[in-house]
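Input: a single structure, listed below in structure tokens.
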4 protein chains.
Amino acid sequence: MATLLRDRAAFSADMMRVFSDESLLAAALQFEAALATAEAAEGVIPAQAAERIRALCANPGIDIAALAEDAAHAGTLAIPLVGHLRARSQDAACIHLGATSQDVADTALMLQAKDAAGLVVRDLGLMSKSLADLARIHADTPMLGRTLLQAALPISFGLKAANWMMSIDATLLRFRHEMGRGVALQFGGATGTRAGLDGKGAAIAARMAAELGLACPPLPWQARRDGIAGLAAALAIITGTIGKIARDIALLAQGEVAEAFEPHVPGRGGSSAMAHKRNPTGCQIALSAALRTPGLAATIFASMAQEHERGLGGWQAEAPVLAELFCLTHGAITAMLPVLAALDIDPARMAENLRAADVGTDMGESASLVAAALTQRDQTIED
Amino acid sequence: MATLLRDRAAFSADMMRVFSDESLLAAALQFEAALATAEAAEGVIPAQAAERIRALCANPGIDIAALAEDAAHAGTLAIPLVGHLRARSQDAACIHLGATSQDVADTALMLQAKDAAGLVVRDLGLMSKSLADLARIHADTPMLGRTLLQAALPISFGLKAANWMMSIDATLLRFRHEMGRGVALQFGGATGTRAGLDGKGAAIAARMAAELGLACPPLPWQARRDGIAGLAAALAIITGTIGKIARDIALLAQGEVAEAFEPHVPGRGGSSAMAHKRNPTGCQIALSAALRTPGLAATIFASMAQEHERGLGGWQAEAPVLAELFCLTHGAITAMLPVLAALDIDPARMAENLRAADVGTDMGESASLVAAALTQRDQTIED
Amino acid sequence: MATLLRDRAAFSADMMRVFSDESLLAAALQFEAALATAEAAEGVIPAQAAERIRALCANPGIDIAALAEDAAHAGTLAIPLVGHLRARSQDAACIHLGATSQDVADTALMLQAKDAAGLVVRDLGLMSKSLADLARIHADTPMLGRTLLQAALPISFGLKAANWMMSIDATLLRFRHEMGRGVALQFGGATGTRAGLDGKGAAIAARMAAELGLACPPLPWQARRDGIAGLAAALAIITGTIGKIARDIALLAQGEVAEAFEPHVPGRGGSSAMAHKRNPTGCQIALSAALRTPGLAATIFASMAQEHERGLGGWQAEAPVLAELFCLTHGAITAMLPVLAALDIDPARMAENLRAADVGTDMGESASLVAAALTQRDQTIED
Amino acid sequence: MATLLRDRAAFSADMMRVFSDESLLAAALQFEAALATAEAAEGVIPAQAAERIRALCANPGIDIAALAEDAAHAGTLAIPLVGHLRARSQDAACIHLGATSQDVADTALMLQAKDAAGLVVRDLGLMSKSLADLARIHADTPMLGRTLLQAALPISFGLKAANWMMSIDATLLRFRHEMGRGVALQFGGATGTRAGLDGKGAAIAARMAAELGLACPPLPWQARRDGIAGLAAALAIITGTIGKIARDIALLAQGEVAEAFEPHVPGRGGSSAMAHKRNPTGCQIALSAALRTPGLAATIFASMAQEHERGLGGWQAEAPVLAELFCLTHGAITAMLPVLAALDIDPARMAENLRAADVGTDMGESASLVAAALTQRDQTIED
């Protein structure tokens, strides 16, 4: 369970907002409003009813804590939410018509995921840019290459940064693909047949998807969870990639190595016991996130074997876990972005450690490899 | 990230309270107060200072949201917390003396774990009792045994319940052991040497542990995380055990089987699309928890390889994950306790399904096996 | 550790061959041969030396058990393998020139992955075809839709099959993408700089990749593991998807439901205690695989934070785990392919259970949804 | 899937033997022999039949590869195994009487687990002893304490070793408890009722358990999997603990730190690209194992929700995963035991790094903490 004191450091404020109770409620109401509007457009409910429902959804007068208690008791958010709306409406029968609880829950999650993805894409792009700068500037800066935590042969620091950059770009590409496929409207009714809509189900779905800015697959996906699993995987791989960068920097920042450091930020990275310390706090957050995301992605994979037309337990497990994956991933990005944008590098110490290792000075094709990586980036990424 | 609307159904209100921000802050302050008192008793700080610190900790005037922002910036809760206390105290140098951030964080987590464990032990004991009743009452109630989801040979329902009971008892026993070993004071200072305490470290630790009701291992455990891993495992195994019971009941509650049902609770288990439905909501919560706990326990295991005297990333990952394990586990217990206390069983239908399967009526040693299980329970469990 | 008696049921014979010791050794030798040939073509070693090395790799006279002992002692396969080759060659200095152990290990894994992917793609395609047939044939076959393991509203069996098909197609698409990106040559030398090759490293890499049929990224990827993570995720998602199909069929095959069964195969699905039983053995294998793959994918994600230019522990963990993911995934496919190709369906019983549930007969837009799914399939999949 | 070339380094030869096909077959035959003997002793089958069955089990003439194919086809090992025995026996009806496939499979796994546990307990005990020696010898050897991978305050190396030792001892204790509870006979027949044995089931079980050296719980445990889950957890926690030690040593062995090294072993830890390297191969194996075990333990936890009297998929997943956990855990122990028994420490360099960090020389209560840890060890552990 998340609390501010424990989780605020691991998450970003922006992402906490995306997955707040307020945002979830707003997304659920957006679903109901879009549904009414689409049904009116297809002549399934009266246009005035749709307008009144829309107005009610914009101003529903809901107390979140009370709604949460009711939802916990009912076993689903939609029942008390729809009950609340119907009790305040002259169009009770037109509200939530043809929809089921999972339609609201899954679509609301997707609306949150769309906003969350925007943050991830934006900030991962910025991270890639910082890394491209590091690669370019330090294409010829010699340092010791290290394998199995032992001195190996020379590399350039730019080559290290180019490798970081290429991973980030590759994970961003995968994430975009998964978003494109996976962030989709769910609208199927009780068993995914769109019954009770006079055969207008597909048209209503298309209208809703257009209004909500979501993809519209040919079938409702209430029991096909590969899209969510793909998103979860893409997030875990992003965080793992950032974890690798964080581990490298934390190792370089060791006192005995002293080649690179997180930028100094007043009040950050101190110790309650030792005033002299400057801890790699950004790396700590990223490494912590990279430890937590694999198990969460595995949970989503393990939830896939859902029973029949709507699973018991499996799909209920997904939403909080996907939310946590987004929060941890963006937390890691947010922690490392300023670190990489202003990484404090000591080329003199790099040179010194390289000399001390006595492994020569041949950086091989480091510079041309960096150039090749930057060329590929220019061809595939728009900043 | 947890929200009320998404997580309230999965967690219990009691457990959310144990792991709330308020409880965490109270536990952290309890640590600082106990530290001052113990240090005064050992003559390391003046007695009056300790009394004033204690009073301050009882009434610190802290805004949690602001503290969370400061903690997120600093990378540790203790720095702004201790800063806040020192700024309001004439005994600044006596506050947090000889302690470090992790001492506060780990001990606060353990204080919460102690309370959390109380809830788990209490309610798991009640569940075991309900199961013992079911086993006793139905020791001779015939039903179809099913293996690989196919009809097999007859059993008694009491034998099924006795198996459930034995698993619960075994997991409760393991959990008690792990609590006894793992719920311990952490007090080591910057690197676990208890420096700066005039050699009074061990005595101070013993006093603190006594006041806080925690075990006191011979060495501080800031880089030995097997105790937390043991707790995590014990919780995951409890939830897996309850998941098995929930799966059985959900399968028995299928319309075509119809042998056992969750008790009817007004407003629970309905459908937003189908008024006739009575969903196994307790089972759903337990199965969902059982899907989520394995990955969380794995996260704690994966965090164990922590660097040197305090890890980077690993230990920071543990606290929110352990909190979530407690919440999900108690959520599963809380969901299934009323189900098992009032399970709605249809022996006639059991008999009918058994006849239809045409596998005879020999229940073997079902009744004596139930008796053996109950005897063992009487010898090992106190209700 | 895999044994024949325990694992033969879970894996396919074809896939066991792909990941056998013999295949691994052959792949490692293929790497060394391609390296020599490419280096000769770029003038880095004499052409005759390359020919002799190639001949030696074709006929190296290696005892696998002895090599395994030496590799275990050395901590890497390449050292004893290259030692063996050099000891039998007049071109010792031309063997493995500019390469390092990980180059051999990663490229050999990728060669195996390429073969493994061929099996997965072929058989998943066949599965999709069987599912399309089921969807088409049963587009209008009524059955009970079930949600939360309770009776809900009617669907057609074709709609259920169409959903299965769409997931399989989506996971196949993801897998193809990941293969295209991830199955790449690794050739970087000690620290990924391609030192010691007279600036011919990129050209040599391009020639090797062409000969071996692998992608050639601009930089060696020895410390960028997102490609392997992407493959692992795609495999886990395939298996999860098949697990869902298996769970549905196992539930339909319950004696009390009796709507669909695995085809009868003499000698399969029996019980050592009950002669009358016909167990869903294909579903069992698929469900077992779906339980095992999430943790394995999580392991690969957790391994990503690899240190510097070659990790300690992380990359060594990947190869056996990726091999196991391929084996389990293809095992699940192989188990379910004959089940889906000859699924034994009882439409009369479906109709009867539907009537008994008393939820009407309205299948909503089932038929047109099936048609939409089949249309999308026709547009995106080539059989 | 395990192969010699990939897995021999990660596993120990001893443990591979314990989990070999030959051992599994021997264990399965041991079950059948013990069953016949116990049934004869209880008068359920004739004594001569039992003797003949025992003789047959001692010399069954089975081809493992062929049996594996048959088992894969049948979906269970017991069917072809029992079929083979019955075809060669005049006592066909007395073989496997009252038992089912899972009885053989689970009990055989437990017999292997008992042998495996012997290796773990023996070698973990040796490791503890080496660590106790290091703690004692270096109780006052000053070195830099490091937190969050940064210089912190001084400790003694003995304190570090004492912490390692305490974790090992604690994990060994947990493992012993889990073995004592979990390594038990499984004998329940088709649905765990011990039908068809004239009420002699409990007595037969007691005799079998005594002969096989296994615990005998009051009920068969075919659908109660908490014991296996406890074993899996204990193994994962052992490996995590060893992973922590390995990480510390690998960090100390970095060229820039150079305070401790794995002992030099000819031919171990070399590089195929760099002759000068001495890689921490033992640490590599342990860290790799520590990455792989969490996901495997999670798999076992996730398998717990098994259906009714014998699960579909869940229990079939456990045996290979538990075997792998034992192999990886003992592989990690075997890799680190010689490292810790002959750790190459450089106290001069420790002192130098400590001076360079400029954090004073106060080791606090390091020495008395070491003494306290050793005292506790003396009171609880027998070497």
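The numbers here are math on the coordinates, done by the rules we state, and not lab data. Predicted model, so just to flag it, every value in this text is computed and none were measured. Note: ideal-geometry Cβ built from the backbone for every residue, glycine included; neighbour counts use all protein chains shown.
Here the Kirkwood formula, the inverse mean of 1/r across different C-alpha pairs, assigns the protein assembly as shown a hydrodynamic radius of 33.0 Å.
Its alpha carbons give chain C an Rg and a Dmax of 25.0, 83 Å. Along Cα→Cβ at 7 Å, what distances in nm separate the B:Gln379 label point from those on the other copies, shortest first? With the label placed 7 Å along Cα→Cβ, B:Gln379 yields 3.0, 7.0, 7.5 nm.
The share of Cα pairs per 10 Å bin across region D:319-360, counted from zero up to the longest distance, runs 24, 23, 21, 19, 11, 1 percent. Each residue, C:Ala93 and A:Asp198, gets one label point 7 Å from its Cα in the Cβ direction; the gap between the two is 8.8 nm. In whole Å, what is the distance between the alpha-carbon centres of region C:87-113 and region B:155-180? So the separation of the two Cα centres works out to 55 Å.
Taking the inverse of the mean 1/r over every pair of distinct Cα atoms in region D:28-120 gives a Kirkwood hydrodynamic radius of 13.7 Å. For region C:109-232, the pair-distance distribution built from all alpha carbon pairs, in bins 5 Å wide starting at 0, is 2, 10, 14, 14, 12, 10, 8, 8, 6, 5, 4, 3, 2, 1, 0 percent. Per-residue Karplus couplings for region C:360-372, computed as 6.51 cos²θ - 1.76 cosθ + 1.60 with θ equal to phi - 60°, are listed in order as x, 10, 6, 8, x, 9, 3, 5, 6, 5, 4, 4, 5 Hz, Gly and Pro entered as x. The ranking of D:Arg176, C:Arg268, B:Arg17 from fewest to most other beta carbons within 10 Å of each one's beta carbon is B:Arg17, D:Arg176, C:Arg268. Taking every alpha-carbon pair under 8 Å whose residues sit at least 6 apart, chain C reaches a relative contact order of 22 percent. Per-residue ellipticity at 222 nm from helix content only, as computed over the protein assembly as shown with -39500 (n - 2.57) for each DSSP H run of at least four residues, stands at -21000 deg cm²/dmol.
Each of A:Leu173 and D:Ile62 was given a label point 7 Å from its Cα along the Cα-to-Cβ line. The distance between the two points is 5.1 nm. Pairing the Cα long axis of helix B:281-302 with the longest principal axis of chain B, what angle in degrees results, from 0 to 90 and rounded to the nearest 10? Its long axis makes an angle of about 50 degrees.
Inter-copy label distances at A:His276, shortest first and taken from points set 7 Å along Cα to Cβ: 3.1, 7.7, 8.1 nm. A straight line joining the Cα centroids of region B:18-33 and region B:298-353 runs 23 Å. Both the radius of gyration and Dmax for region C:164-244 are 16.2, 54 Å, in that order, over alpha-carbon atoms. Once you have a ≥ b ≥ c as the square roots of the Cα gyration tensor eigenvalues for region B:130-175, tell me rounded if a/c is under 1.5, and otherwise prolate or oblate according to whether a/b is larger than b/c. Note, shape of region B:130-175 comes out oblate. If only the Cβ of Lys and Arg carry +1 and only the Cβ of Asp and Glu carry -1, the dipole of region B:7-132 around its Cα centre is close to 300 debye. Along region A:86-98 the Karplus relation, 6.51 cos²θ - 1.76 cosθ + 1.60 evaluated at θ = phi - 60°, assigns HN-Hα couplings of 4, 5, 9, 10, 7, 10, 3, 5, 8, 8, 6, 5, x Hz to successive residues, with x for each Gly and Pro. Size of region D:67-127 from its Cα atoms: along the principal axes, largest to smallest, the extents are 50, 25, 18 Å. With the convex hull drawn over the C-alpha atoms of region C:272-364, the volume per residue is 207 Å³. Between the listed residues C:Val339, C:Met274, C:Ala302, the Cα displaced farthest toward the positive end of the dipole of chain C, a dipole computed from Cβ unit charges relative to the Cα centre, is found at C:Met274. Return one number: the angle in degrees, 0 to 90 and rounded to the nearest 10, between the long axis of the Cα atoms of helix A:201-212 and the longest principal axis of the Cα atoms of chain A. It is inclined by approximately 50 degrees.
When the P(r) of region C:44-85 is calculated, the portion above 11 Å amounts to 66% of the C-alpha pairs.
Could you state the angle between the C-alpha long axis of helix B:21-41 and the longest principal axis of the C-alpha atoms of chain B, as a value from 0 to 90 degrees rounded to the nearest 10? Roughly 50 degrees between the two axes. Among B:Ala202, B:Gly230, B:Leu131, which residue has its Cα positioned farthest towards the positive end of the charge dipole of region B:112-245, with +1 placed on the Cβ of Lys and Arg, -1 on the Cβ of Asp and Glu, and the dipole taken about the Cα centre? Ranked along the dipole, the leading option is B:Ala202.
Residue-wise HN-Hα couplings along region C:118-123, as the Karplus relation 6.51 cos²θ - 1.76 cosθ + 1.60 with θ = phi - 60° gives them from phi, are x, 5, 5, 5, 4, 7 Hz; Gly and Pro carry x.
Each of C:Glu352 and A:Asp133 was given a label point 7 Å from its Cα along the Cα-to-Cβ line. The distance between the two points is 7.3 nm. Using the alpha carbons alone, the radius of gyration of region C:181-296 stands to its Kirkwood radius in an Rg to Rh ratio of 1.30.
Here A:Glu51 yields copy-to-copy label distances, from shortest upward, of 7.4, 8.9, 10.0 nm, the label point defined as 7 Å from Cα along Cα to C-beta.
When you work out D = kT/(6 pi eta Rh) for region C:1-72 at 20 °C and 1.002 mPa s, using the Kirkwood radius from C-alpha pairs as Rh and the Stokes-Einstein form, the result is 150 µm²/s.
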